[in-house]
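Input: a single structure, listed below in structure tokens.
Only the coordinates and a few stated rules stand behind these numbers; no lab work does. Keep in mind that this is a model prediction, so the values were computed, not measured. Here the Cβ positions follow ideal geometry from the backbone for every residue, glycine too, while neighbour counts run over all protein chains shown.
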Amino acid sequence: MKKQFITALLLLVCSVKSFADEGMWLPQLLQTLNEKEMKKMGMKIKASDIYNINKSSLKDAIVSLGGFCTAEVISNEGLILTNHHCGFDAIQNHSSIEHNYIQNGFWAYNKNEELQNPGLFVSFIVSIEDVSSSILKNINSKLSEKERQTTIDQNIATLKSSYKKNSYQDVIIRPFFDGNAYYLFVTETYKDVRLVGAPPASIGNFGKDTDNWMWPRHTGDFSMFRIYADKDNHPAAYSPNNIPYTPKRALNISLKGMKAGDFTMVFGFPGKTNEYLSAYAIQQIKDIYDPAKINIRHDILELMKRFMVKDEAIKIKYAAKYASIENAYKKWQGEVLGLQKSNAIQKKKDRETIFLQRVNANPAWKESYGQLLPQLEAAYELNKAYALQRDYYNEIIPRIELFNIAATTANIIAENEKKDAAANIDRNKKNLDRLEDIFKEYDPELDRQLFIKLMSRYVNDQNAAAVSPMLSNALINHSIEDLANEMYTASVLTVYDNIKNMMTMSANEFKTRITSDTLFQLYVDISKTYSQQVAPFYNKNQNEINQLQRSYVKAQMEVFKEQKFYPDANSTLRLTYGNVMGYQPRDGMKYDYYTYMDGIMEKYKPGDYEFDVPQKLIDLYQAKDFGPYGVNGKQPVCFIAANHTTGGNSGSPALDAYGNLVGLNFDRVWEGTMSDINYDATICRNIMVDIRYVLFIIDKFAGAKNLIAEMKIIK
């Protein structure tokens, strides 16, 4: 018994110690939970300098970009900095064969040259408030999951309607700790955001697929935009009369650089993590869901790449899609590797052993939480087949552009059946705009080949019940190839002008023409099959899992009182902190924490789509013309640190101990991509481009001294 107790105690010490090195912390709670530890690790400012609602603080310089990335204000004229891959869609939308900004880069040497981006926005956080007591009012264990959510939705609506704010502000209320807490965010969203600068992809995406998620890295992953406001500095739709936004705070930029052990922070909007899952849930991710999605995306990327390397126009059309698909593909591969290497599942099981020992020793806990883990395992097992079918549907159907076109025409039919004619005109204009956007990035032959490859997986890799009956019947006398040839030849959906011209017909005529199209009918049958044979069962089981997981998170917070808990990422403002350091991914391999331009030249391959670089960059390197941004005859490029980041942190500022901007977060090391579900401080590292390389490219490579002049640079 004594030996078992000592073993359990050692396991607990190890478990709690690992949590001390991680965290995505709510900034308004730093003073209570983290300030003391942060100062021990090297921070020189106060928590109130990071988050403050009564005076300017660092949080006033951080924005959510488009809801998918982070950016930061770096001048008093609304200039913002983010990643190249975050701005890539905007760069691509402005690109053509004649003006290929992807290949050549783009720089505005005065504000009149800046390019508007419809649909792109930035959101500032004004304040954050704990509203758990209001939102969880009248919530009890007797409510079903649906009743619980209905009550919460009503409480949210009541609070939002009565909450005092300015007319140009919004209120967002989000759940935390799997619905055990709720926080309210007052935001200000600016919708006039213009492209200012971006290096060529050979700099901004140097290394492309090979280097993605890898270290050492040599990528200048940045782009620049500017926020515009009305004459009162308030949010406004695009207008040529808008003026550059005057921020409450712009980040100072330090040229000092970082050394091993230096304290660093990353401030931004991480997207989604699941750090408190059970061992069984992680086992399913590692062994079932990640491998299935990896295999599907491998097929997609292999086919796209074959077309893109042969045709520059297709390369431009599919560049953003390819990058997005490849990003998750490689991430999941690293996640599986990291989970295996870190022995993540066994560590979770060890923690669960301690959890059960404590629960069983406490009568109240035993009654409430004694069966949680076996119940979770049973619920995950019951949902396994449906979760896999859901992944197949979500990974395959949206990748075939003709299905996306069919979905949009289905929306048009639905809109036409509504009685509000004036609103229909506006909504259908938006549908036509969406169709135009799809066709701009569409190649019919590539899409036909994707149909053949992906629908083969859809049919052969799933339970028969999850497969469209129309497709199954068609394949009795046809091959997938023959079916694709017939559909892509005969369908009216393959040409934008066909659909646009049909929009002049009456609603009934339009519906008749579209619904008689065989490809449209197949899309409808696939969607119907999923909505009837998969979605209801998945959703029912997932609701049970969500309820159990919420209880499990609550239980962990009660049982492990000695641990500081942070909420999973949910695209709200968070701060993570750590120290600059290298790592050892495997035996006999040790990585340093910095890279330099020397590494770019070592990787340089003339004419290679991943590792070619512009001649001007080579000339600057050979002349050692680094300006004030080099150090000891070398130009720093990237560095790594033990900051806990995820998707959505792309573009986040890397800050030093004084809150100065020293880099730009853009990636994680491959072995550490499993940090979304299992953070391990020994191998989890975030990758940042050094701000000195960013400034070197802006100044020496692009000659955009107008932009340098705006910034406050501490030399």
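Farthest toward the positive end of the dipole of region 244-388, out of ASN295, GLN284, PRO270, is the Cα of PRO270, where the dipole comes from beta carbon charges about the Cα centre. Here the gap between LYS418 and PHE565, fully extended at 0.36 nm per residue and compared with their Cα-Cα distance, gives a gain of 48.1 nm.
Note down the net charge around ALA387, summing +1 for each Lys or Arg and -1 for each Asp or Glu among other residues with Cβ under 15 Å from its Cβ. Summing Lys and Arg as +1 and Asp and Glu as -1 gives -3. Our note on the geometry: Cα centres of region 612-690 and region 299-322, 28 Å apart. A protection proxy built from the mean count of other Cβ atoms within 10 Å ranks the segments 133-146, 486-499, most packed first, as 486-499, 133-146. Calculated mean residue ellipticity at 222 nm for the chain: -14000 deg cm²/dmol, from DSSP H runs with n ≥ 4 weighted as -39500 (n - 2.57), summed, divided by the residue count and rounded to 500.
Histogrammed with a bin width of 10 Å, the alpha carbon distances of region 125-190 distribute as 20, 51, 23, 6, 0 percent, first bin at zero. State, to one decimal in nm, how far the label point of ILE172 lies from the label point of ASP612, with both points 7 Å from Cα in the Cβ direction. Simple spin-label model gives 4.0 nm for this pair. Distance from the alpha carbon centroid of region 118-196 to that of region 479-521 works out to 42 angstrom. In the chain, if the dipole is taken from +1 on Lys/Arg beta carbons and -1 on Asp/Glu beta carbons about the Cα centre, which of TYR442, GLY119, ILE135 is farthest to the positive end? Checking the options against the dipole of the chain, the answer is ILE135. Put simply, the Cα atoms of region 30-164 extend 64, 43, 29 Å along their principal axes, the longest span coming first. Estimated at 0.36 nm per residue, the fully extended path between ALA709 and ASN501 surpasses their Cα-Cα distance by 69.8 nm.
Taking the Cα centre of region 125-190 as origin and assigning +1 to Lys and Arg Cβ atoms and -1 to Asp and Glu Cβ atoms, the resulting dipole is close to 200 debye. A Förster distance of 30 Å, applied to the separation of the beta-carbon atoms of THR189 and ILE53, puts the FRET efficiency at 0.95. Around GLN542, with a cut-off of 11 angstrom between Cβ atoms, what is the net charge of the other residues, counting Lys and Arg +1 and Asp and Glu -1? Local net charge: 0. Listed options for mean projected area of the Cα convex hull in nm² are (1) 28.1; (2) 33.7; (3) 37.8. The value calculated from this structure is the one marked (2). If you take every residue apart from LYS272 with its C-beta less than 11 Å away from the C-beta of LYS272, what net charge results, scoring Lys and Arg +1 and Asp and Glu -1? Taking every other residue near LYS272 into account, the sum is -3. The slack between SER472 and TYR289, meaning 0.36 nm per residue of separation minus the straight C-alpha distance, is 63.4 nm. The lysine pair tally for region 123-274, using Cα distances under 29 Å and a gap of 8 or more places or different chains, is 28. Here the chain is assigned +1 on the Cβ of each Lys and Arg and -1 on the Cβ of each Asp and Glu. Its dipole about the Cα centre then comes out at about 2140 debye.
For the pair LYS349 and LYS440, a Förster radius of 41 Å applied to the C-beta separation gives a FRET efficiency near 0.25, rounded to the nearest 0.05.
Positive end of the dipole of the chain (Cβ unit charges, origin at the Cα centre): among PHE537, SER342, PHE626, the Cα lying farthest that way belongs to SER342. Looking at the square roots a ≥ b ≥ c of the eigenvalues of the Cα gyration tensor of region 236-352, which shape do they give, rounded for a/c under 1.5, prolate if a/b is larger than b/c, or oblate? Verdict is oblate for region 236-352.
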